[in-house]
Amino acid sequence: MAQHEHVRVAVIGSGFGGLGAAVRLRREGITDFVVLERAGSVGGTWRDNSYPGCACDVPSHLYSFSFAPNPEWPRTFSGQGHIRAYLEHVADTFGLRPHIRFNHEVTLMRWDREELFWRIETANGAVIEADVVVSATGPLSDPKTPDIPGIDSFPGKVFHSARWDHDYDLTGKRVAMVGTGASAIQIVPAIQPKVGRMTLFQRTPPWVMPRVDRRISGAERWLHRTLPVTGAARRGLLWGIRELQVGAFTKHPNELGLVERIAKSNMARAIKDPALRAKLTPSYRIGCKRILLSNAYYPALARPNVDVVASGLAEVRGSTVVGSDGSEAEVDAIIFGTGFHVTDMPIAERVVGAEGITLTESWKGGMQALRGASAAGFPNWMTIIGPNTGLGNSSMILMIESQLNYMADYLRRLDALGGRVALDARPGAVDVWNRRVQQRMKRTVWNTGGCDSWYLDDSGRNTTVWPGTTAEFRKATRSVHLSEYEVVRAAEKAVVAAGAPASDAVTGEAAR
């Protein structure tokens, strides 16, 4: 590959968002693009998270692209290996590999306000100019590990669930598992039978519902393969059920009481010890944190080689781990299942906009983007799975496809405007969108449920979740409203208010 090139579009990342963007670009007739991937293969979070027991908590037929149905899903909830294989299949089927630049970690993206393109630098020395950047790095890509006093002097093995060390044999080891989120509840039952002893550090107990998982029969797969409409119908039913659930999360959290009773019954069947059950019973409304699914988590905690410490890990003294409650345990390995940098994504530090400031600096008061895609001051840059596009009960693929619709219309608008041109989200439009989202957020279970979740940023604002249905988001991102953008032209070096006559143009240097 040439070390310096110019492309129409640069896509960052090759997970669901990046591959989806690449497919949509090709379907729009755009072939002048690259996908920059920091690793050596596609898959995103489904490549990075390969820990024992890793699986999806969204049904398989809903956790796949509508334009690339997979009739061969082996289970109703698929494991990491099958999802990663699906993404490899998408890359091959849609001819994406010639566009992908593996081992190209982006170190800097800087907007050239004179030439109106993004200058992208990668860790291997490549320099790429792109008229448009689509950032699809995803919020679950950079592991978050707490700063624990003494951890640097720990003599044993330490790793995060998203960077699993498959060369380290856990058989017979004394293991500290830190965290009780979606990864941890899959890891614990997967490794409990082989470890010598496990100490689980739990800051906040999760709500855990039964996982209604089963093998998809050969007859079902044959039917979906032979009559694709049956697979589409299955997907539609799964989508509709989840759309009907949204109101309880966003408008009527008190209606979730019945769901709590089901979760408590799920716990009671496996946890007979009243003291342990008390430790594992949440004190917040179900849904405030992500509802987890497992049939094996509670039975694993009831085993004699597992101890639950109902407090966070406070300190490490040599090979001794110390809980906030003062409890101590000798361990050989520490595994962090402590999530990711979601509201403080590291990629934002590498994006420098029109005013010479980074996206991190622009978002110092909290992440916000117009329709979850465009940030003010960052022309021709958009993000997939941006601020307030996350979901608490359905498939993120639905949200990704909605954002791909927005991306496609964005590029069409640029073509229609003609010449060297850029669109920059108006600060006022971003503010109006964000205020509406936050106003709707006030009634949701994520804000009223009484928990401190990873959906919230340091100031307590929910900048992660979408407070509505996926259908509402699809409608909101169906097309680009030029009135919400400033049109920046290179030839005239002018900023033209979208929709205004040419006589209203401000001539001179292209500036805000």
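With Glu472, Glu492 as the choices, which residue is of a type in the set (Asp, Glu) and either within 22 Å of Lys364 (Cα to Cα) or at pLDDT below 95 (or both)? Please lay out each step first, then the result.
Details: Glu472 fails: either within 22 Å of Lys364 (Cα to Cα) or at pLDDT below 95 (or both).
Of the residues listed, the single one that is of a type in the set (Asp, Glu) and either within 22 Å of Lys364 (Cα to Cα) or at pLDDT below 95 (or both) is Glu492.
One residue stands out in segment 71-129 among those that are touching a Leu at 6+ places or on another chain (Cβ under 6 Å) and of a type in the set (D, E, K, R): the one that is nearest to Ser217 (Cα to Cα), namely Arg101.
Any residue at all in segment 251-259 that's among the acidic types (Asp, Glu), surrounded by fewer than 20 Cβ atoms within 10 Å (Cβ to Cβ) and not assigned by TED's automatic domain parsing to the domain that holds Asp325?
From segment 251-259, those among the acidic types (Asp, Glu) are 255; that's our starting set.
Of the ones still in play, those that are also surrounded by fewer than 20 Cβ atoms within 10 Å (Cβ to Cβ) are 255.
Restricting the remaining residues to those that are not assigned by TED's automatic domain parsing to the domain that holds Asp325 gives none.
Checked segment 251-259: no residue is among the acidic types (Asp, Glu), surrounded by fewer than 20 Cβ atoms within 10 Å (Cβ to Cβ) and not assigned by TED's automatic domain parsing to the domain that holds Asp325.
The selection criterion, being without any contact (Cβ under 8 Å) to a residue 60 or more places away in the chain, in the same structural domain as Ala55 (by TED's automatic domain parsing), among the basic types (Lys, Arg) and assigned to a strand (DSSP E or B), does not hold for Arg110. Look at (1) out of contact with any Asp or Glu (no Cβ under 6 Å at 6 or more places or on another chain); (2) assigned by TED's automatic domain parsing to the domain that holds Arg8; (3) of a type in the set (A, V, I, L, M) and you find that Val331 fails only one, number (2). No other residue among Ala369, Ala425, Ala416 is within 23 Å of Asp131 (Cα to Cα), surrounded by fewer than 23 Cβ atoms within 10 Å (Cβ to Cβ), modelled with pLDDT of 95 or more and not β-branched (Val, Ile, Thr) apart from Ala416.
As for segment 72-80, it holds at least one residue that is more than 19 Å from the chain's Cα centre (by Cα), under 26 Å from Ser183 (Cβ atoms) and not in a loop (DSSP other than H, G, I, E, B). Residues in segment 195-210 include at least one that is of a type outside the set (Ser, Thr, Tyr), in contact with a Phe, Trp or Tyr (Cβ under 6 Å, 6 or more places away or on another chain) and either surrounded by 14 or more Cβ atoms within 10 Å (Cβ to Cβ) or outside any loop (DSSP other than H, G, I, E, B) (or both).
Within segment 354-411, the set of residues being closer than 19 Å to Trp446 by Cβ and either assigned to a strand (DSSP E or B) or of a type in the set (Lys, Arg) (or both) comprises Gly390 only.
Restricted to segment 153-194, and to residues there that are of a type in the set (Phe, Trp, Tyr) and in a loop (DSSP other than H, G, I, E, B), the residue that is surrounded by the fewest Cβ atoms within 10 Å (Cβ to Cβ) is Tyr168.
Residues of segment 233-262 that are within 11 Å of Leu62 (Cα to Cα) and touching a residue at least 12 places away in the same chain (Cβ under 8 Å): Arg234, Arg235, Leu238, Trp239, Arg242. Those strands (runs of 3 or more DSSP E) of segment 284-351 in which 1 or more residues are among the acidic types (Asp, Glu), without any contact (Cβ under 8 Å) to a residue 24 or more places away in the chain and in contact with a helix residue (DSSP H, G or I) (Cβ under 7 Å, 6 or more places away or on another chain) are absent.
Taken together, the criteria exclude Glu486 from residues that are among the acidic types (Asp, Glu), at pLDDT 95 or above, surrounded by 18 or more Cβ atoms within 10 Å (Cβ to Cβ) and more than 26 Å from Gly353 (Cβ to Cβ). Being closer than 30 Å to Ala471 by Cα, at pLDDT 95 or above, within 25 Å of the chain's Cα centre (by Cα) and of a type outside the set (Val, Ile, Thr) holds for only one residue in Arg225, Arg234, and it is Arg234.
Could you check, for segment 137-149, whether at least one of its residues is under 30 Å from Gly419 (Cα atoms), touching a residue at least 24 places away in the same chain (Cβ under 8 Å) and out of contact with any Cys (no Cβ under 7 Å at 6 or more places or on another chain)? Yes; the residues of segment 137-149 include at least one that is under 30 Å from Gly419 (Cα atoms), touching a residue at least 24 places away in the same chain (Cβ under 8 Å) and out of contact with any Cys (no Cβ under 7 Å at 6 or more places or on another chain).
The values are calculated or read from the model by the stated rules, or taken from the named source; none is laboratory data. Quantities reported herein were computed from a predicted structural model and do not represent experimental measurements. With ideal geometry, Cβ positions are generated from the backbone for all residues, glycine too; neighbour counts draw on all protein chains shown.
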